[in-house]
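Read through the structure below, which is laid out as structure tokens, and then see the notes.
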Amino acid sequence: MTAFPTIAWDGDAIVIVDQTRLPAEEVVLRVHTVEELAEAIMSLRVRGAPALGVAGSLGIALAATVAERAGSDITAAVERAATVLVATRPTAVNLAKGIAVAVAASAGGAAATVAAAVEVLEDTDRVTRAIGQRGASLLASFQQERLGRTTGELRLLTHCNAGALACVGWGTALGVVGAAFDRGLVAEVLTCETRPLLQGARLTAWELARMEIPYRVLVDGAAAGLILGGDVDAVVVGADRIAANGDVANKVGTVAHALAAARAGIPFIVAAPEDTIDVTTPSGRQIVIEERAASEVLSFAGHPTAPPGSAARNPAFDVTPADLVTAIVTERRTIHPAAGERPDQTPG
């Protein structure tokens, strides 16, 4: 598996791969203002918890750089940028943490702010590489101990997109999948399409094809039946926020896979950086769930799919209770919430 950088800083702008244009086009955007970055985040041109952390920190670096070049007050510019950016996606804790790192460095001027933001980017790359290897080792242990297999027969299911696009270069859940595939452990990946914006069908399938990993796309509603029917050996997903007790917020639809996995007796594995763990949030009940526009549910590719005047609910995330989570894999440790371990108590 090779790295695929999807966000970068070039000294004058933030460079991102526009995820809304995939898989039809590979378009690279140069973002020159905080307002442009806020629009890119809200429109999901850049998305995924680790990538949002990087984008948030680079957004503060951009604000500091622009202010310094204009001879403006850096502190005021940084404060305005932080207020704008932190409001764009309230569920993903990495965004706020990335912003905070760069804001803290801004007292040293624009160069210090840029250095801090670039360190967030580089650290995200190191972290996701480590998550991939740790997660692959966990899958190898599961394969040998519970299935009595030693080579590539694992059938994995994933939801939404937690690959390089969401995580800068390697991916969390998809990093685990890729590292396991490189070890000869994986036969096939089932990627849920992920309604309503099809991140699984558009983005994860595109990444799996780049990695030459066998995959098939399925509608979200088919996953539980396939899991209960014995067609899936393990579920591997990412996370946007993990509460202190091990409850996990991820793309809406995730909890259905966790329920099915628990019933079928297969592992439900969450791959995420330590930064995704929010020890200040006691449980999933306190996680703010972003509600997106009804139009995403009531139309498809610009064409209405429901009668005029229809209303909709469009939560972007749901919360999987800790007792359904077999393991949380971070760059430093493996936590077993279903066995009673808590992220805020497990030794690092």
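Laboratory data are not the source of any read-out in this text; all were calculated from the coordinates shown. On a predicted model such as this, the values are computed, not experimentally measured, just so you know. Here the Cβ positions follow ideal geometry from the backbone for every residue, glycine too, while neighbour counts run over all protein chains shown.
Annotations for the structure displayed:
- Centroid-to-centroid, using Cα positions, the stretch 168-204 and the stretch 309-332 are 17 Å apart.
- Taking each DSSP H run with n ≥ 4 as -39500 (n - 2.57) and averaging over every residue of the chain yields -12000 deg cm²/dmol at 222 nm.
- For the chain, the dipole from Cβ point charges (+1 on Lys and Arg, -1 on Asp and Glu) about the Cα centre works out to 580 debye, to the nearest 20.
- Taking the charge dipole of the chain about its Cα centre, with +1 at Lys and Arg Cβ atoms and -1 at Asp and Glu Cβ atoms, the residue from P267, I213, G59 reaching farthest to the positive side is P267.
- In degrees, nearest ten, helix 93-105 long axis to first principal axis of the chain (Cα): 30
- Between helix 49-70 and the chain: long-axis angle, C-alpha atoms, 0 to 90°, nearest 10: 10
- The protection proxy used here, the mean number of other Cβ atoms lying within 10 Å of each residue, ranks peptides 238-249, 162-173, 287-298 as follows, highest first: 162-173, 238-249, 287-298.
- As a rough footprinting exposure proxy, the listed residues E26, E68 were ranked by other beta carbons within 10 Å of their own, and the order from fewest upward is E26, E68.
- Relative to one another, the C-alpha centroids of the stretch 41-78 and the stretch 217-262 are positioned 33 Å apart.
- Tilt relative to the chain, helix 74-86 - C-alpha long axis, 0 to 90 degrees, to 10: 30
- Antiparallel content of DSSP bridges confined to the chain, in %, to 5: 50
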